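> Attaching a single structure in structure tokens format; questions to follow.
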Amino acid sequence: MATLPPPSLTLETKNFLIRPISGADLGERLSGWADDELAAEMLNTKRRQWAVREQTAFFAKFENQPGKLALAILPRGEPHPIGFYTLHLQPRIGVFTISHLIGDANWRGKDLTTETSDAIYGYLFDKLGYAKAKANVRPQNRPMLWLMLSDKIWRKEARLVRHLRDAATGERKDMLVLGMMADDWRTARAPRPAA
Amino acid sequence: MSNAPEILTKRFRLTPITPEMVSDEWLRWTGDPQLMGQMNARVAKLTRTDLQRYLVESQRQKRAIVGIYGRKDGVHIGLYETEIAQEHRNVTIDILVDQGRYDLANVLRETDPALLTYLAGRFGLEKAVAKVVETYKPLILHFEQTGWLKEGVLRQENPAASGIGRLDVIQFGKLF
């Protein structure tokens with residue numbers, strides 16, 4: 001059976017530090033993170049400035065909850081997060097659901113997702129024994145779908161019809177469930193034998 | 001008199017199971033290899049105390065366990081486990097029916113609509129979700145035949161109770 005990571009989980013990559021988000025990370029700096037359509041949808045709010053009390057309420061859902069973690073992404077040597085991951089871990093079945101937001105617009109399109117997510121997959125698959133990762137993606141989030149589906153490791157497994165309810169409007173929207181097996185991730189990352 | 005909610009259909013009565021209501025039938029189901037195998041659950045010789053603990057833990061996790069009882073004889077026929085996601089107004093349900101004695105589809109065709117109508121009205125829910133392991137064929141067939149939308153197949157989602165390999169899970173949805 002897979003196990004839960006410690007609440008203090010910290011991972012390092014070549015360029016980034018990934019560690020639990022804290023109250024000190026919240027504030028005006030993050031207020032612009034919900035100011036585009038896709039980010040706002042991920043946070044289940046309408047596009048707007050993300051008030052500090054809303055940030056606090058959002059991250060409170062991950063505090064002291066076994067199996068739930070919110071991890072800040074910081075460029076090495078920088079004091080402030082530029083985005084975060086959320087993880088919902090189900091050790092009993094060996095599955096975790098991952099979500100990701102690059103909040104700081106200056107860091108979008110810079111390929112930090114591959115570097116940082118690989119650190120998380122490596123840790124959860126190889127150290128803690130998880131067998132599968134899942135991600136919930138809105139169908140209109142084409143950049144994310146392109147990124148995740150292009151190498152054929154992630155696969156679209158379900159389209160949940162009118163599954164999500166917009167907190168502001170009550171409108172219901174579809175959600176896609178993507179899945180990636182640990183073995184497929186390992187195979188894709190294994191060095192290829194020389195021809 | 002109990003204040004527990006009660007849903008009545010022509011033949012059945014649905015009501016939340018409290019610790020003092022744990023039945024001999026439920027105890028028997030947990031040791032039934034055919035039933036547990038179909039549901040990908042481990043066969044276990046559980047005690048009444050084990051199930052009472054399970055009920056308390058379910059309640060703590062805001063999961064309601066609703067019993068299906070015969071209206072005439074009061075016999076325990078099966079159960080629903082329901083978990084509400086209020087933010088999105090969805091409810092996820094799991095189902096167990098004593099298939100040694102009752103036809104699953106025959107029971108659920110009558111109880112599903114009554115339960116879902118109750119949940120929609122009482123809690124303002126808008127969608128029901130069911131995740132069914134690939135080996136639970138009678139339940140898959142029931143959902144396919146009663147208008148649930150097959151929304152996808154979650155590959156190798158659950159470890160097999162046998163300890164060897166993993167099993168797919170079929171996800172169904174029904175909008176109210």
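Any read-out appearing in this document is the output of simple, stated calculations on the displayed coordinates, not a laboratory observation. Not measured: the values here are computed from a predicted model. All Cβ positions, even for glycine, are placed from backbone atoms using ideal geometry, and neighbour counts span all protein chains on display.
> Please report A:Phe62, B:Phe172 as a ranked list, fewest other C-beta atoms within 10 angstrom at the top and most at the bottom.
Values: A:Phe62 19, B:Phe172 23.
Ascending number of Cβ neighbours within 10 Å: A:Phe62, B:Phe172.
> When Lys and Arg each count +1 and Asp and Glu each count -1, what net charge do the other residues less than 13 Å away from B:Ala120, Cβ to Cβ, add up to?
Overall, the nearby charge balance is +2.
> Report the relative contact order of chain B, percent, no decimals, based on alpha-carbon pairs under 8 angstrom and at least 6 residues apart.
19 percent
> Within region A:94-138, which trypsin sites (Lys or Arg not before Pro) sit in a loop by DSSP and count at most 13 neighbouring Cβ atoms inside 10 Å?
Loop-located and lightly packed - A:Lys110.
> Please return the longest stretch of chain A lacking exposed loop sites, where GluC sites (Glu not before Pro) count only if DSSP places them in a loop and at most 16 other Cβ atoms lie within 10 Å. Mind showing how you got there, number by number?
Details: sites that count: A:Glu63, A:Glu171.
Longest site-free region, per DSSP loop and neighbour criteria: A:64-170.
> May I pose another question? From other protein chains only, count the Cβ atoms within 10 Å of every residue's Cβ in B:153-162, then give the mean.
5
> Counting pairwise Cα distances across the protein assembly as shown, what percent come out greater than 29 angstrom?
Here the long-distance tail beyond 29 Å is 48 percent of all Cα pairs in the protein assembly as shown.
> Would you calculate a helix-derived [θ] at 222 nm for chain A, using -39,500 (n - 2.57) for each DSSP H run of n ≥ 4 and dividing by the full residue count, to the nearest 500?
-5500 deg cm²/dmol
> Please identify every one of the trypsin sites (Lys or Arg not before Pro) in region A:140-195 that sits in a loop by DSSP and has no more than 14 other beta carbons within 10 Å of its own beta carbon. Write down the numbers at each step before the final one.
Details: sites: A:Lys152, A:Arg155, A:Lys156, A:Arg159, A:Arg162, A:Arg165, A:Arg172, A:Lys173, A:Arg186, A:Arg189; in loops: A:Lys152.
Passing sites in region A:140-195 are A:Lys152.
> Among residues other than B:Ile170 whose Cβ falls under 10 Å from its Cβ, what is the net charge (Lys/Arg +1, Asp/Glu -1)?
Taking every Cβ under 10 Å from that of B:Ile170, the sum is -3.
> Can you give me the relative contact order of region A:61-102 as a percent, contacts being Cα pairs under 8 Å and 6 or more apart?
Relative contact order, region A:61-102: 31 percent.
> Let me ask something additional. Could you give me D for region B:45-176, from Stokes-Einstein at 37 °C and 0.692 mPa s, where the hydrodynamic radius is the Kirkwood radius over C-alpha pairs? Units µm² s⁻¹, please.
205 µm²/s
> Still on this structure, please answer the following. Under the rule of -39500 (n - 2.57) per DSSP H run of 4 or more residues, summed and divided by the residues of chain B, what mean residue ellipticity at 222 nm is obtained, to the nearest 500 deg cm²/dmol?
-9500 deg cm²/dmol
> For the residue pair A:Glu78 and A:Thr3, what label-to-label distance in nm results when each label sits 7 Å from Cα along the Cα-to-beta-carbon direction?
3.3 nm
> Using alpha carbon centroids, what distance separates region B:81-121 and region A:75-144, in Å?
That distance is 34 Å.
> Separate question: Quick check on the exposure proxy: order B:Leu96, A:Leu38 from fewest to most C-beta atoms within 10 angstrom.
Exposure proxy ranking, most exposed first: A:Leu38, B:Leu96.
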